[in-house]
1. So what is the orientation-averaged projected area of region 253-343, using the convex hull of its C-alpha atoms, in nm²?
2. Starting from the Cα gyration tensor of region 3-142, take the square roots of the eigenvalues, sort them a ≥ b ≥ c, and report rounded, prolate or oblate (rounded when a/c is under 1.5, otherwise prolate if a/b is larger than b/c, else oblate).
3. Taking a threshold of 21 Å on the Cα-Cα distance, which of the pairs Lys254/Lys308; Lys25/Lys137; Lys76/Lys137; Lys49/Lys76; Lys49/Lys308 fall above it?
4. Give the separation of the Cα centroids, region 22-48 to region 165-195, in Å.
5. What does the charge count around Ile102 come to, taking other residues whose C-beta lies under 13 Å from its C-beta (Lys +1, Arg +1, Asp -1, Glu -1)?
6. What's the exposure ranking of Phe82, Phe268, Phe133, going from fewest to most Cβ atoms within 10 Å?
7. Taking the Cβ of Gln161 as the centre, find all other residues whose Cβ is under 9 Å away and add up their charges (Lys, Arg: +1; Asp, Glu: -1).
Amino acid sequence: MLIRHLSEFDPQCQALRNTIAERRKEAFHWWESLTPPPDSPGIGFQVQKLAIVLDRSVSYVRRRFQAVWILQRLPKLREQFFEHFHLDMGRLATIGSILADIASLEALDEALSKFLTPSRFRAIPSARIIGGFLRRKLAPFHWNPPPNAVRIRQVDELTSQLVVTSTHGGTRLMKDRLRELAHEWQCSEHDALWQALLGKDSKAVVNVYQHKGKLSLVDGSVIPQSMTTLIHQRARIRQLDIEQQGKGYAFPAKLRHIITMRDLHCRFPGCEVPAHACDIDHVLEFNRGGPTEVSNGQLLCRRHHNMKTERQVSCSMTPDGVVTWVIDGIRSVTLPEGEILALAPVPS
Ligand SMILES: [Zn+2]
């Protein structure tokens, strides 16, 4: 049976629809049985535990909790859902995550259930379309770009936008000056911005990897070729010695750099708090003989550092940075994600 030969009015098509609705119903009730009330204590920990058990990301689990919670707050949509089971967990999660912080949902409940009313002539909108619909509805109330802000908006895996919000006159002046600089330095406006901020007379510390002649930031973002030459001319090159040992409790800067470039973010399962907001933790505590060296140091965000210090969780690490956690009797392994792993000596 080929799907494209199915007609709306074909009984086989109806049977297929019923099966899909049955699956959605099961999935929803399964998640509903796992989801605690939104105000229950220790919810973050429950999300993390479930993420480990299901081998899913923390945000996957949190979004499904939000899917269950949001239906409790949208009575019209809930009634419609329990009649047709026309929305899967992904669509519900999108609605839940967008509306999680919105206090009054009455008007949106009305609009949303109208927008999602099943019709023979129109497919149920995808999660992306539903997201767009909600954001447009919310836009007049929530589109408030902070004045004088510089933000980064990620476009896709490789590209981001640097968004400067200022008065019209202010951004106009910046753009004009950028054009002048580009003309003066014989480069694109994009490269002129780089040079103006990092290259000419300003000083900045940028930790980069060099791999096969290409430079990238520690999180893997690629640096444009035009900047690579400039960095090579002006940068101080530091060789990293991964076998170096610190004398006291605090990790010296060089060791911190290596651990940061190896771990990139908090090493607790499912946690992605970035390096700059993390502590360096002695995996085996310093006062129990744990050395201050790369093979005994890991990045932990403050929250997970405290959980470890208070012995709610425990962990151990191999010399190449693989950390095994034990959380409520559940074992979970996290691998270092930085490219510096490739520099580590191969254990004999
Ligand atoms: Zn963490």
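1. The Cα convex hull of region 253-343, projected and averaged over all directions, gives 5.5 nm².
2. Numbers: a/c = 2.12, a/b = 1.31, b/c = 1.62.
It comes out oblate by the Cα gyration axes.
3. Beyond 21 Å: Lys254/Lys308; Lys25/Lys137; Lys49/Lys76.
4. Answer, in whole Å: 50.
5. Around Ile102, the charge tally is 0.
6. Going from least to most buried by this count: Phe82, Phe133, Phe268.
7. Working: positive: Arg151, Arg153; negative: none.
Summing Lys and Arg as +1 and Asp and Glu as -1 gives +2.
All of the numbers you see were taken from the coordinates with simple rules; none came from a lab. None of these values were measured; they are calculated from a predicted model. When we count neighbours, we look across all protein chains shown, and the Cβ atoms used for this are built from the backbone with ideal geometry, even at glycine.
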